[in-house]
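Working notes, beginning with the structure itself.
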Amino acid sequence: MSLFDSLPSEVSIYEVSPRDGLQNEAAQVATHAKVRLIEALIMSGLKRIEIASFVSPRWVPQMADGEEVCRMLGKHPGVQYTALCPNGKGLERAIRAGVHEVAVFISASETHNKKNVNKTVAETLAAFDEVIEPAVQRGLRVRGYVSTVWGCPYEGEIDPRAALRIAHTLLERGCYQISLGDTIGVGTPVQTKRILDLFLSEIPQEKLALHLHDTRGTALANVLVGLEMGIRTFDASVGGLGGCPYAPGAAGNLATEDLVYTLEGMGIKTGIDLEKLWMAGQIAEAIVGRELPGKVHRAGVRSLRC
Ligand code: HMG
Ligand code: MG
């Protein structure tokens with residue numbers, strides 16, 4: 001492989017700020033503010049947005065208003081709304097709320113999984129019996145997350161073969177895509193290449209996505225490795241908002257502005273207007289009441305020509 005030999009003409013960006021971004025906020029964010037953020041993200045051209053979590057409100061109070069978010073959102077043909085969903089109760093809520101897609105989530109690390117969903121990995125896969133197939137039967141698409149692939153805040157390095165086994169199971173059950181999570185942002189490019197070498201030897205590239213937290217500033221470097229190796233879907237969060245409440249040290253996600261700036265600057269189409277995305281980042285910052293970490297956001301760069 002030599003650098004930038006096989007860049008695509010376009011990629012798909014999957015926006016997670018309304019869910020992964022806001023789930024970690026200490027102060028409750030008003031439902032209308034979430035809706036305002038989502039509408040601004042849609043205005044920027046984003047077409048795949050994770051808007052809510054139908055998890056236990058006792059575990060993640062910030063996401064308790066998922067139904068209300070869905071009810072208040074305007075109709076936007078061509079935009080696909082996704083919600084996290086851990087069990088049958090979550091799926092019932094998701095169906096009633098009218099999302100197009102649900103996302104199941106599980107960790108490659110037993111300890112993180114237990115802290116996140118109070119179940120072993122095996123029990124979590126069993127609980128997905130209530131979600132994946134029934135969702136597919138109801139006409140919903142199902143995405144799968146495998147977390148802590150690059151490392152776990154409790155166990156350290158994780159054998160990527162454990163994550164690969166889980167990914168196979170999720171695909172066999174009916175997930176259309178697996179998003180591989182660097183949940184705490186520890187990954188480096190050589191490690192990313194090693195992980196993707198393993199996954200791509202068994203799973204087609206279009207069934208994989210990267211979900212990179214940017215705790216240590218390595219997310220974009222890992223995106224470049226993914227791009228070069230054939231990955232065409234990247235998760236990101238406007239302004240770099242984000243973190244997992246059950247993964248200490250999980251700082252922001254890769255900032256969508258940084259991703260769009262880099263990709264578009266390399267001639268890879270994202271379908272996103274950077275200036276409008278920058279404005280969505282301003283809204284996100286006003287909502288959480290502090291400066292967000294995304295580099296393009298902080299630099300105030302609103303277009304490729306600035
Ligand atoms: P539990 O306490 O073991 O389960 O939680 P339970 O079945 O005993 O339920 C406890 C209570 O929650 C009951 O209510 C249930 O009805 C209720 P009670 O009878 O006590 O009043 N409940 C629900 N309520 C609403 N919606 C539901 C639901 N399910 C149960 N769907 C459970 C197990 C999985 C529910 C809990 O651990 C949970 O909700 N965990 C979610 C944790 C979470 O959302 N973490 C953050 C997302 S993951 C992430 O950020 C990583 C990711 O970004 C990728 C990456 O970065 O790697 C995706
Ligand atoms: Mg995450």
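Where a number appears in this text, it was derived from the coordinates with a stated rule and is not lab data. These numbers were taken from a predicted model, which means no experiment stands behind them. Positions of Cβ are generated from backbone atoms using ideal geometry, with glycine treated the same way; all protein chains shown enter the neighbour counts.
Some points to look at:
- Residue order, fewest to most beta carbons within 10 Å, for Glu257, Glu130: Glu130, Glu257
- Put a dot 7 Å past the Cα of Glu157, heading toward its Cβ, do the same for Ser6, and the two dots end up 2.6 nm apart.
- For the stretch 251-306 and the stretch 106-161, distance of Cα centres in Å: 30 Å
- Within the chain, helix-based [θ] at 222 nm, where runs of 4 or more DSSP H residues each add -39,500 (n - 2.57), nearest 500: -11500 deg cm²/dmol
- Using only alpha-carbon positions in the chain, the gyration tensor eigenvalues give semi-axes of 25, 24, 18 Å once each is multiplied by 5 and square-rooted (largest first).
- The aspartates and glutamates within cross-link reach of Lys75, meaning a Cα-to-Cα straight distance under 19 Å and a gap of 8 or more places when in the same chain, are Glu15, Glu39, Glu50, Asp65, Glu67, Glu101.
- Of all lysines in the structure, the ones whose alpha carbon falls short of 25 Å from that of Lys193, not counting any fewer than 8 places away in one chain, are Lys207, Lys269, Lys295.
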